[in-house]
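The values are calculated or read from the model by the stated rules, or taken from the named source; none is laboratory data. Please read all numbers here as calculations on a predicted model, not as lab measurements. So basically every Cβ, Gly included, is an ideal-geometry build from the backbone, and we count neighbours across all protein chains shown.
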Amino acid sequence: MGAGLIFRPVTVYNDSMKVQKSLIAAALAIVLSVSLLAGCALSPEETQQETEYYERKYAGEPEPTGNVARLLEVLDGCVGGQYVFGGQGNQVTHQFIDTMYKKYPDYFSDGRLEYLRAIADDAAEHGYDYPQDYAWDCSGLWWYAASDVLNLYGKPVDRTAQDTYDDFCTPIAKDELRPGDLVFVENKDGKITHMGIVGRHGYIYEAVNGFCGVVLKRTIDKRVYYNIVNPGKVYVGASWNKFGRPVIFE
């Protein structure tokens with residue numbers, strides 16, 4: 001999935017959406033501003049006591065160097081982008097939305113389709129701004145930065161979160177994590193369904209879902225996020241429970 005997809009036009013965008021779309025488009029600038037600010041903010045649930053704890057815990061953490069530092073720099077540029085399942089740095093165009101909506105309609109419910117439509121409309125009229133008019137999914141964020149931009153694997157790679165853990169990581173314990181490592185969510189059936197990338201001081205780079213976009217938040221212990229599609233709400237995710245070190249960083 002991601003940058004290697006071939007897209008065909010699909011007629012799923014009809015006139016009945018236009019009234020809703022025009023209202024969403026009018027509010028888009030405000031929503032995007034909220035998403036960008038939220039992207040670098042503390043997680044909604046982080047208390048002052050927790051902030052002080054993390055400051056002590058990570059006080060002596062060495063500054064990343066080499067390819068890890070380059071990776072984090074690329075990821076910094078993605079914060080504030082959008083989430084679309086199958087995305088790997090794709091422009092949010094109507095053609096891209098149509099293709100992904102046809103394949104994965106469940107990922108576009110509860111206002112997410114209209115939200116993305118408004119972004120595509122605004123970008124088509126005013127030009128594409130990076131990163132807010134581009135989209136990633138959870139594994140696509142890693143492979144975009146590590147493979148597409150930095151070419152750390154020597155060839156294009158695009159794999160799922162499960163494949164990334166199984167084929168490209170050495171399992172480690174949570175207390176061994178350092179910048180550049182990967183965190184995963186494994187469900188009760190033993191399947192890895194989500195992933196993120198460890199940044200500095202307990203912060204995680206993550207393409208969360210269609211409600212939250214691409215964020216940099218300190219979710220190492222608790223995953224709570226601002227909802228940018230439905231402002232005022234938060235999304236609570238399952239805790240990270242699998243951890244891996246990319247073989248390229250060993």
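Table: residues versus (1) surrounded by 13 or more Cβ atoms within 10 Å (Cβ to Cβ); (2) in a loop (DSSP other than H, G, I, E, B); (3) among the hydrophobic types (A, V, I, L, M, F, W, C); (4) at pLDDT 55 or above.
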residue: Pro9; (1), (2), (3), (4): no, yes, no, no
residue: Ile24; (1), (2), (3), (4): yes, no, yes, no
residue: Ile30; (1), (2), (3), (4): no, no, yes, no
residue: Val34; (1), (2), (3), (4): yes, no, yes, no
residue: Glu45; (1), (2), (3), (4): yes, yes, no, yes
residue: Tyr54; (1), (2), (3), (4): yes, no, no, yes
residue: Gly60; (1), (2), (3), (4): no, yes, no, yes
Among (1) in a strand (DSSP E or B); (2) at pLDDT 95 or above; (3) of a type in the set (Phe, Trp, Tyr); (4) under 23 Å from Ala135 (Cα atoms) - the single one Tyr225 does not satisfy: (2)
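I'd like the residue in the range 181-205 that is among the hydroxyl-bearing types (Ser, Thr, Tyr) and in a strand (DSSP E or B) and, out of all such residues, is nearest to Lys222 (Cα to Cα).
First, the residues of the range 181-205 that are among the hydroxyl-bearing types (Ser, Thr, Tyr): 193, 203, 205.
Filter once more, so that each one left must be in a strand (DSSP E or B): 193, 205.
On the way: Thr193: 17, Tyr205: 14 Å.
It comes out as Tyr205.
So that you can scan it fast, the table gives a plain yes or no per residue for (1) buried (at least 22 other Cβ atoms within 10 Å of the Cβ); (2) over 16 Å from the mean Cα position of the chain (by Cα); (3) at pLDDT 95 or above:
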site: Val183; (1), (2), (3): yes, no, yes
site: Lys188; (1), (2), (3): no, yes, yes
site: Met195; (1), (2), (3): yes, no, yes
site: Tyr205; (1), (2), (3): yes, no, yes
site: Phe211; (1), (2), (3): no, no, yes
Any strands (runs of 3 or more DSSP E) falling wholly within the range 64-171 and containing at least 2 residues that are surrounded by 15 or more Cβ atoms within 10 Å (Cβ to Cβ) and under 13 Å from the mean Cα position of the chain (by Cα): 88-91, 134-136
